Amino acid sequence: MKEERILIEHGTIITLDKERRIIKNGAITVEGSEISYVGKMSGLRRSAGRERVINAEGKLVLPGFINTHTHLEYSGVDRGIADDLPLTVFLSKRLRPSEAVTRPEDIYVSTMLCCLEMIKTGTTCVCDTGGFHPASVAKAVEDAGMRATVAYGSMDIAPPERPLAGDQQASTEENLRRSESLIKKWHGAAGDRIRARCSIRVLPNVSEELIFGLNEIAQKYDVGVNAHLSDTEEVVEAAKRMRGCREIEYLDRLGVLGPRWMGVHMVWLSDDDVEIVRKRDMKVSHCPGGALHLGFGCTQAGKFVELVKKGVTVSLSQDSTTANNSLDMFRSMYLLSIHKDAKMDPTVFPPEKALEMATIDGAKALLWEDKIGSLEPGKKADIILVDTRRSNWVPMHDFSIVPNLVYSGDGADVDTVIIDGNVVMENRQIKTMDEHSILEKAQRASEEILKRADVRIHPRWRVE
Ligand SMILES: [Zn+2]
C-alpha cells in the first residue's frame, strides 16, 4: 500500500549523493514511489496525514544494491551444478544441456528464488543478462517486487567449440524479433520498475549481422546493450581466429560501441582495449566472485584498477549462482580486495569505491542514475536498512562506518528493504512471496531438470 507516507527515523544514512554525505540521527520520508526528504531529524517536517514509521536506530540506511549482471533464468535452479570445471565444459556439459530442458514455469520459480536471495541480502535492482524465456523472468520480477532490467539472450551461430543445445540457436531475424518484442512489452512496465535491454549472450555465438541489428534496436528504443566480453583468454583467442582481432577492438571497428554498451567480465583486456572502453564511455560489469570461482585470471590479467583510474564506470555484479554460487552483494564488495593482493597495494579499491560500485555506479551502468543509486529527494525509494547491533559490526567509529559495511558486513545483516516505495522485507520477513514454498519448489525443479537433461553428478565424498 502506497497511500501512507513512510518515515524512516533515527538512522545513520549513507546517502551516496554528490557530496557523499553520511547523516547521523537522520530521517528519510517516502511518498508514493519516491523519496521526499533526506536529512537530519531536526529538519524533518511532521506530516498531518497517515504515516508508517520505521525506527532505524542502530541501523545504516543506504540505497539498495544494484547487481549489474546475473542469470535469473537458471540461477535459482542450477546452483552448484557446474562447480570446479573449465568454462567450455561448464557450458557444454552442464549449463547448456540443463538450460535446454528448463521450462518457463521453472524459470519463474528460479527468478523468484533469486529475488528472494537478493532482497534478503539488500539488492533492490538487478540486470538479468537474458536467456530464452525473458517474459517468465519479467513476470516473476514483477510479482517479487524487485526492480530489474530484462533481455533476450541473443545467439545465432554455433562454432564447434561453442555448441548450442535444443532451440538455443535461432536465426538472426528471429533473435531480433524476440528482442524487439520483449522491449515493446516490458520496457517501462510495472510503473517503470522493469526495463528491457538488448543482450549479446556471448560474442563467439553471434554473427556480425546480429550485432548490428541489436545495436540498431537499442538506439531505436533508447535501451542498453549487455554482452559477456573478454572473460577468458580463450574467448579473446577465439575472436582473433574468427574476427581477426581481439573482442573489444572488433566491436570498435564495427562502430557500435558507446555509452549504452555494458561489457560483462572484461577480464582479458589489453591496454588498447582499456583505452577504447574509456574513449567510447562503455560501461563495465565486474563479477569478482564469478571470475575467482571459474579461474578466469582476474588477479593476473584484470585491469580493473586501471579502468577505474581512467574514469570508466565499473559496476559490481554477482554472475549466476552456477558461476559464483551466491547473489550476496556484500560478498562481491569484499572480494574487490583481491585487487589489493594482485597489485600488492592495500590502497586500491577503498571501501567507499566498493560501495559506489555496488550502488551509484551500477545505476550509471544501467543508464538509470537519474532515478536510482543514491538517496536524494525525487529519486525512487529503493532503500535498505542494515542492522549494526551485531557482533561483526562492533566497534564502529565515524571513520569505520563504510569500511565496516564493506569489510565486516554480511547479507544477513540486512533488516528491512523498500523497493519503489513498497516495504518488501521488514525485520527479515519477506512480504511479496511465500518463502518456504519458493525454496521447496526450486529444490524440486532443480532435481527434475537434472533428470530431464540426463546430467549425472557424483558427490566426491560418499553420501549415506
Ligand atoms: Zn554471466
In segment 59-81, what residues are small (G, A, S), crowded, with 17+ Cβ neighbours inside 10 Å and away from the ligand (no atom under 12 Å from the Cβ)? G64, G76
Could you check M262 against (1) within 15 Å of the ligand (Cβ to nearest atom); (2) within 23 Å of A151 (Cβ to Cβ); (3) outside any strand (DSSP E or B) and say which number it fails? (3)
Are any of the residues in segment 216-237 more than 16 Å from the ligand (Cβ to nearest atom), of a type outside the set (S, T, Y) and over 25 Å from the mean Cα position of the chain (by Cα)? yes
Do you know which residues across segment 138-180 are in a helix (DSSP H, G or I), over 12 Å from T111 (Cα atoms) and not aliphatic (A, V, I, L, M)? G166, D167, Q168, T172, E173, E174, N175, R177, R178, S179, E180
Look at segment 280-295 and say how many of its residues are more than 15 Å from the ligand (Cβ to nearest atom) and in a helix (DSSP H, G or I). 1
Show the residue pairs that are 6+ apart or on different chains and have beta-carbon atoms under 8 Å apart, the first residue being within segment 236-264 and under 18 Å from K303 (Cβ atoms), the second being among the basic types (K, R) and within 16 Å of the ligand (Cβ to nearest atom). W261/K283; M262/K283; G263/K283
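Values quoted throughout were computed directly from the atomic coordinates according to the rules given, and no laboratory measurement underlies them. As the structure is a prediction and not an experimental result, all values here were calculated from the model. Cβ coordinates were reconstructed from backbone atoms using ideal geometry, including for glycine residues, and neighbour counts include every protein chain displayed.
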